[in-house]
Amino acid sequence: MLKPDQIPAHIGARRQSMPVNNPTTEGKSLKHPAAKAPKIFADTGTIDEIRPLLEAGIINGVTTNPTLMKRAGATSWSQAKEMMQEIVTLMAPYPVSLELTELQADKMIAQAEALAAFGSNVVIKVPVGGYEAVDPALDKNTGLKVLHALWKRDIQTNATLIFNSTQALFAAQAGASYVSPFLGRLADYMYKHDAVEMASGNALYYLEDHKGTKENSRQHNTAYVANAGSRMDAGVRLIHEITTIFANYDITTEVLAASFRNGVQIPECLLCGADILTIPAPLLMGVADHPLTNEGMKSFVEDSKAFES
Ligand code: G3P
């Protein structure tokens, strides 16, 4: 994990130049203390997961994708559209990313225009690449072309499936409003291939995930301590690379860290200056939980019984 004194000043300066996220309510003298706090989005297509998070004031946006819509129960595109419309209406004015399913540029643009009509808070999610991999007849630059065409049409976009900083830069160059680096999938990949980068500075990652044997955890925890917590996993490093490049070139495309695997990646991404974190609802719900908070709360409640008359 990056230590606060390792955060380059220009990442902090970039955040200062970003728009206010939590405005002070009109007529109130108490200014919002976290005006430029990072945005927290829920990564889900399930409206019942979104409602409580919205009510608790935890989230200010939602991201969906076809997998999440399928998981939410959509069995047809028209049903998926209905569900997406409902989320867009519930979340307004907060942004909701809706992903395109068409694969040809002209059809994608038409689909984007139809989805954008759901509300002014719609952000169109466009896979940055992979088109040729799906169908060799498709143009491999379809994603960038569509991002650029939508920018020209004043439609906000979120370039998704970002796995390196060059993809992020090209998406920004094409006019993307947001880029979504999938840090968890990248970290998983590196871990699976036993890459050195996955000698992560993230002790809990090993305790909670994957190979997770005691022996593995112990070794990696020892490595973590030996490195004074200064190493990042490959996914977090990707976020750091993108925010640094964007800061270097004054790029205001927002860095939307996605595909979280555990709670420790949250502060790690924040220390790297991510603008937005999109987090699965169960992980978001659990973040306020801590064994010591629970224990402390129980003893406060117990002791407060002394005041009962
Ligand atoms: O927002 C991107 C996200 O849904 C991907 O997450 O967990 O499928 O890697 P995951």
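What the table shows:
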quantity	calculated
Mean Cβ neighbour count within 10 Å, used as a protection proxy, ranking 123-130, 20-27 highest first	123-130, 20-27
For Ala274, residues with placed amide H under 5 Å, excluding near neighbours	none
Peptide ranges 34-43, 135-144, 154-163, 81-90 listed from the most packed, as the mean C-beta count within 10 angstrom indicates	154-163, 34-43, 81-90, 135-144
Cα gyration tensor shape of region 7-74, rounded if a/c is under 1.5, else prolate or oblate by comparing a/b with b/c	oblate
Shape call, region 53-201: gyration tensor on alpha carbons, a/c limit 1.5	oblate
Pairs beyond 27 Å (Cα-Cα), from Lys31/Lys152; Lys39/Lys298; Lys107/Lys140; Lys36/Lys107; Lys36/Lys145; Lys125/Lys152	Lys31/Lys152; Lys39/Lys298; Lys36/Lys107; Lys36/Lys145
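Read the figures in this text as sums done on the coordinates, not as results from a lab. On a predicted model such as this, the values are computed, not experimentally measured, just so you know. Because the Cβ atoms are built from the backbone with ideal geometry, glycine has one as well, and the counts that use them run over all protein chains shown.
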